[in-house]
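**Student:** Submitted below is the structure of interest, expressed as structure tokens.
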Amino acid sequence: MLQRRRDAFLLAVLVPIGVFLGFAPVFAAEDIGRVKVVVFSAYGTPPAERRQTLYVRDDIFTNEVVETRKRSALHLSFLDDSIFRLGAESRATLDRFIYDPASKTGELTINLKEGIFRFKTGKMKKEGIRVVTPVAVITVSGTDFIVQVLANFIRVAVLEGAINISPSAAAAPVSLAAPATAQVGSGGGVTPNVAPAADPGLDEGAGVGDNEGPGGGSGGSESSSDGSSNGGDGDNEGTGNGSGDSSGSGGSKD
């Protein structure tokens, strides 16, 4: 089973012990980023693996399905410093991530299944970034935007930069520059000035964090299906739920 690398200290301890005993930990996939913030309950399902509870600083992987529950949120940071956030009751697949730090070229594809999301571009050149939804494909230009995926349409809000929306139906692409909102239907129709729902889990200060805001926040707990849970206060770099360091008590995990 794939083991998530939660911090460098854990690796420094486990690898020498494994070598001494005649084996070494094997990590089956290359990580493409890590978990920055967890609010209440968030889960990840890597390829050919069972669903796992996600914690702050966990690695994330290509083709992993990530999801949240009610009143929950999950913030992810990719290796190029792009930020992807899931609001409550949301699910997405991290389809593809390739990045060359020297040239800043690469490919990033995220498939949004249901729920509400926020994406902020990082160092990767924008022509390689695609956000796929059931009704349209979104490409970006130096962008911070929100997408809400509903039954037969999406709603978008462009907070910074611009996006191009190519409906899955045979309809002309639509460009939106900040500040702008719109609804795009499954038939390709576009209705301007229709905003996504508000979700505080998409905000900068949501949840337990790792370099994501002022410390000292607190949160509740919710058990996952495998018996583990996310706890109360986070580490001293962020706010909310997740793994604790010095400022609060972190979530326990067997």
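FYI, it's all coordinate maths here, none of it is from the lab. If you're wondering where the values come from, they're calculated on a predicted model, not measured in any experiment. Ideal geometry is used to build each Cβ from the backbone, glycine not excepted, and the neighbour counts take in all protein chains shown.
**Student:** Take the cross-link list K70/K104; K70/K113; K70/K125; K36/K113 and give me the ones stretching past 26 Å between alpha-carbons.
**Tutor:** K70/K104; K70/K125
**Student:** Peptides 178-189, 84-95: what's the order by average Cβ count within 10 Å, highest mean first?
**Tutor:** The densest-packed peptide leads the list: 84-95, 178-189.
**Student:** Quick one: plug the Kirkwood hydrodynamic radius of the range 30-230 (C-alpha pairs) into Stokes-Einstein at 20 °C, 1.002 mPa s, and report D in µm²/s.
**Tutor:** 126 µm²/s
**Student:** With the contact rule set at Cα under 8 Å and sequence spacing of 6 or more, what percent relative contact order holds for the range 30-230?
**Tutor:** 18 percent
**Student:** Follow-up question, since we're still on this one. If you put +1 on each Lys and Arg Cβ and -1 on each Asp and Glu Cβ, how big is the dipole of the range 30-230 around its Cα centre, in Debye rounded to 20?
**Tutor:** Dipole size: approximately 400 debye.
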